[in-house]
């Protein structure tokens, strides 16, 4: 008497892709609905509550202002984004290197972390004028330093957690093969830390833009986004100031999405991360 084992039916590639796209669309629908409702409420609240339009313009006015001055605004945003990107690369890269050292020598980590936490507690708006005094207030160096300081701590904490939260069974298996510390880091600790590192990078991508703009408030050129926003609200040109804020949001969101895409491409071997 013969028996046949059940055969798992794999969905067709086109159907699987459709299911993935449908699931992603369902994930984004609530956020899009909330955004549309918030913009509609903002648009209607101005005349309903008799809010002065020069203080809080309607979204339609902000968009018209952005579209009319999009060339100047996008160039200023790109100048600020270059500073944010430089600070992001320096701060995140240094944080990952420090996390590797602290994970390798744990007593050093216990001695270093209280000072890192204390440094992170300093308000960045208080440190920005000092950084401008250290460097030329009209160069990009001071803005890059501020962005790097903001990016350092989130990446350090997440990377260190990922490097040290390895299952003991994995370490015992590597020790049973007489693996050295370099092999353990390369095959166990670093792959385990990648999801944590990307979490820190996504947080830092937004903080980098914030740090660059805040630094430009205390010393920047006319081609910077922070300087443009400050100069516009100082002359009570709030639609232009809000248009600058919109550009900052667009660059920040684009930067975040780029890191998220890099995470998806890098961690394809770990599909549970994106379920």
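The values are calculated or read from the model by the stated rules, or taken from the named source; none is laboratory data. In this text the structure is predicted, and so the values were computed from the model without any measurement. So basically every Cβ, Gly included, is an ideal-geometry build from the backbone, and we count neighbours across all protein chains shown.
Worth pointing out:
Table: residues versus (1) modelled with pLDDT under 85; (2) within 30 Å of residue 200 (Cα to Cα); (3) exposed (fewer than 10 other Cβ atoms within 10 Å of the Cβ).
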{"position": "17", "(1), (2), (3)": "yes, yes, no"}
{"position": "23", "(1), (2), (3)": "yes, yes, no"}
{"position": "36", "(1), (2), (3)": "no, yes, no"}
{"position": "39", "(1), (2), (3)": "no, yes, no"}
{"position": "59", "(1), (2), (3)": "no, no, no"}
{"position": "64", "(1), (2), (3)": "no, no, no"}
{"position": "77", "(1), (2), (3)": "no, yes, no"}
{"position": "87", "(1), (2), (3)": "no, yes, no"}
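- Scanning the range 229-245 turns up no residue that is within 14 Å of the chain's Cα centre (by Cα), assigned to a helix (DSSP H, G or I) and at pLDDT 90 or above.
- Residue within the range 169-187 that is within 26 Å of the chain's Cα centre (by Cα), at pLDDT 80 or above and not in a loop (DSSP other than H, G, I, E, B) present: yes
- From the options 70, 104, residue that is in contact (Cβ under 8 Å) with a residue 12 or more places away in the chain and surrounded by fewer than 18 Cβ atoms within 10 Å (Cβ to Cβ): 104
- Number of the condition not met by residue 197 [criteria: (1) closer than 30 Å to residue 67 by Cβ; (2) touching a residue at least 24 places away in the same chain (Cβ under 8 Å); (3) part of a helix (DSSP H, G or I)]: (1)
- Residue pairs whose Cβ atoms lie under 6 Å apart, separated by 6 or more positions or on different chains, with the first residue in the range 135-150 and assigned by TED's automatic domain parsing to the domain that holds residue 216 and the second part of a loop (DSSP other than H, G, I, E, B), are 137/219; 138/221; 141/135; 142/135.
- Total residues in the range 126-155 satisfying the condition of being in contact with a helix residue (DSSP H, G or I) (Cβ under 6 Å, 6 or more places away or on another chain) and part of a helix (DSSP H, G or I): the figure is 16.
- Checklist (1) more than 17 Å from residue 147 (Cβ to Cβ); (2) crowded, with 20+ Cβ neighbours inside 10 Å applied to residue 208, failing item: (1)
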